[in-house]
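J.: After the structure tokens below, expect a handful of questions from me.
Each value in this text was obtained by applying a stated rule to the coordinates, not by laboratory testing. Please read all numbers here as calculations on a predicted model, not as lab measurements. With ideal geometry, Cβ positions are generated from the backbone for all residues, glycine too; neighbour counts draw on all protein chains shown.
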Amino acid sequence: MSLAINGGEPVRRNPLEFKPWIEEEDIKLVGDIIRSGNLSSLHGEYNAQLEEELARYLGVKHAFTASSGTSSIHLALKAVGVGPGDEVITTPFTFVATASTILHSNAVPIFADIDRETLNLDPSSVESAITDKTKAILVVHLAGHPADMDGFTKIARERGLYVIEDTAQSLGAEYGGVKAGGLGHASTHSFYPTKTITTGEGGAVATGSDELAARIKLLRSHGETEKYHYDVLGYNYRLTEFQAALGLMQLRRIERIIENKSKFARALTDELRELDGDLLYLPHPRPRVRHAWHIYQMLLTDRAGINRDKLVDAIRAEGIRAVTVAYPVPLYRTKLFQEMSGHGLGCPWSCPFYGRKVQYKPLPNAEWASQRVFGILVSPHFTESDAVDVARAIRKTIKELK
């Protein structure tokens, strides 16, 4: 084990790292399904059960499992008709899948700025980015904190746009008493191992619209209306049966998962309270919001005068391996969006069907946050005692680096 930066003993000798909540009954059920040979969603029952229970949990009419959170976003974009010549406004402060799926839809991502407190997309910045080519707003509920959905739904209603919620990091979060994922025209979900619930890889699309549901279902499985009959260009984005079974077991304990995460987050806030607003900005959920605590996001203040990356390395050396940086650079600064390579030959940015030149300019709040942010990837196994260790490591490393 690496030592702390002062050469002394690290805060933890047993590393604190993220692990999903998997129980023996989950393992047994998955094993039973594998032994049965009914591995595909086409020949089993668990995908249908997971879809039914997820839709009920979100408070929407329809949910469809998918092979990943990424494929879920792609399905939602295609279902609302995003395609050549369209623009979709989203955040640059997110994982690449939020924007790359827009490119895979042969449309152009347009980035708007974020709110400095929640780090979520800012409705006022979105409104100023709308053009006659805008088709949809792709809203990310970042790190477990829901975005300002009142603002986005108002803009969409007035401008005739679709709202898609990227709820990959926020399953179980609530906004005004409504589950995140039940507020837009469609929502997308990730069941990657670090998310609220997991199927290993996997995801889902949810919607209250019968029309969108029919499109999503068709697109998910080759555009096939009946055996060997294909109406549209579709994809193979199905989830396996044993993955769905694991997800179903996870969903049935989701409230316990979120409560465990919330206890850790409350304890960590209490432990770091004296640094809040001085050396750190701690997360403070807004009124009418239930935070799902995917990541406990913090930001260094200017007064701290510390290099963020050195701080993260030092915290990790203290045995806190769950420390993470999400995200160290806005998407528009990455090579993909600087060179606009896309599908090759500049598509979709410069293909004839588009017809305008996009130049990605720095967005001040996204720039500010990416230089200062770090956080703890919150596992459902973390305890209030673990929060004490995390706080000790943060205080210790800040003091040593200053």
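J.: At 0.36 nm per residue, minus the direct Cα-Cα distance, what do Lys61 and Lys310 gain on full extension? Give it in nm, one decimal, please.
T.: 84.9 nm
J.: Still on this structure, I have one more. Could you check how many percent of all C-alpha pairs in region 280-402 are farther apart than 19 Å?
T.: The answer is 59 percent, as a whole percent.
J.: On to the next question. Using a Gaussian network model on the chain with a 10 Å cutoff between Cα atoms, which of Gln243, Gln359, Gln371 fluctuates the most?
T.: Ranking Gln243, Gln359, Gln371 by mean-square fluctuation puts Gln359 first.
J.: Then there is this: Would you pull out the residues with amide H under 5 Å of Thr134's amide H, same chain only if 5 or more places away, H placed 1.01 Å from N?
T.: Residues meeting the criterion, in which the H sits 1.01 Å from N, are Glu87.
J.: What are the radius of gyration and Dmax of region 25-83, computed over its Cα atoms and given in Å?
T.: 14.2, 43
J.: Sticking with this structure for a sec: What span do the alpha-carbon atoms of region 24-253 cover on each of the three principal axes, reported in whole Å from largest to smallest?
T.: For region 24-253, the Cα spread along each principal axis is 55, 41, 27 Å.
J.: Write down, largest first, the equivalent ellipsoid semi-axes of region 160-241 in whole Å, where each equals the square root of 5 times an eigenvalue of the alpha-carbon gyration tensor.
T.: Three semi-axes, in Å: 25, 18, 8.
J.: Rounded to the nearest 5, what is the percent of antiparallel bridges among the DSSP beta bridges in the chain?
T.: Rounded to the nearest five, the antiparallel share is 60 percent.
J.: What is the sum of charges around His141, taking Lys and Arg as +1, Asp and Glu as -1, for the other residues whose C-beta is under 10 Å from the C-beta of His141?
T.: So the environment of His141 carries a net charge of -2.
J.: May I ask you to evaluate 6.51 cos²θ - 1.76 cosθ + 1.60, the Karplus curve with θ = phi - 60°, for each residue of region 184-199 and list the ³J(HN,Hα) values in order in whole Hz, giving x for glycine and proline?
T.: Values, residue by residue: x, 5, 8, 9, 10, 9, 10, 10, 4, x, 8, 7, 3, 10, 10, 10 Hz.
J.: Sort Ser40, Ser67 so the one with the fewest other Cβ atoms within 10 Å of its own Cβ comes first.
T.: Listing Ser40, Ser67 from fewest to most nearby Cβ atoms yields Ser40, Ser67.
J.: Show that you can apply the helix-only estimate: for the chain, add -39,500 (n - 2.57) for every DSSP H stretch of four or more residues, divide by all residues, and state [θ] at 222 nm to the nearest 500.
T.: Mean residue ellipticity at 222 nm (helix-derived): -11000 deg cm²/dmol.
J.: For Arg13 and Lys154, FRET efficiency with R0 = 56 Å and r from the beta-carbon atoms, rounded to 0.05?
T.: Step by step, r from the Cβ atoms, then E = 0.60.
J.: Using the Cα centre as the reference, give the magnitude of the dipole from point charges on the C-beta atoms of the chain (Lys, Arg: +1; Asp, Glu: -1; all else neutral), rounded to the nearest 20 debye.
T.: Roughly 600 debye for the chain.
J.: Let me ask something additional. Given R₀ = 45 Å, what would the calculated FRET efficiency be for Ser209 paired with Val388, taking r from the Cβ atoms and rounding to 0.05?
T.: E(calc), rounded to 0.05, equals 0.45.
J.: Express in whole angstrom the spacing between the alpha-carbon centres of region 165-185 and region 217-295.
T.: 9
J.: Related question: Past the 22 angstrom mark, what percentage of all C-alpha to C-alpha distances in region 117-203 do you count?
T.: 26
J.: Separate question: Extending each Cα 7 Å along its Cβ direction at Lys28 and Thr301, get the distance between those two points in nm, one decimal.
T.: Taking the simple label geometry, Lys28 and Thr301 are separated by 5.3 nm.
J.: Apply 1/(1 + (r/R0)^6) to the Cβ-Cβ distance of Thr225 and Arg286, taking R0 = 51 Å, and write down the FRET efficiency to the nearest 0.05.
T.: 0.70
J.: Please work out the ratio of the alpha-carbon Rg of region 1-108 to 2.2 N^0.38 Å and round it to two decimals.
T.: Normalised Rg, Cα atoms only: 1.62.
J.: Here's another thing I want to ask about it. Check every DSSP H run in the chain and write down those whose alpha carbon atoms cover 24 angstrom or more along the long axis and whose mean Kyte-Doolittle hydropathy is -1.0 or greater.
T.: Qualifying helices: 254-272, 384-401.
J.: If you don't mind, another one. In Å and from the alpha-carbon atoms only, list the Rg and Dmax of the chain.
T.: 21.5, 68
J.: Take every DSSP beta bridge whose two residues both sit in region 24-253, then give the antiparallel share in percent to the nearest 5.
T.: Percent antiparallel among DSSP bridges in region 24-253 is about 50.
J.: Among Tyr57, Tyr228, Tyr237, whose mean-square fluctuation peaks in a Gaussian network model of the chain (Cα, cutoff 10 Å)?
T.: Tyr228
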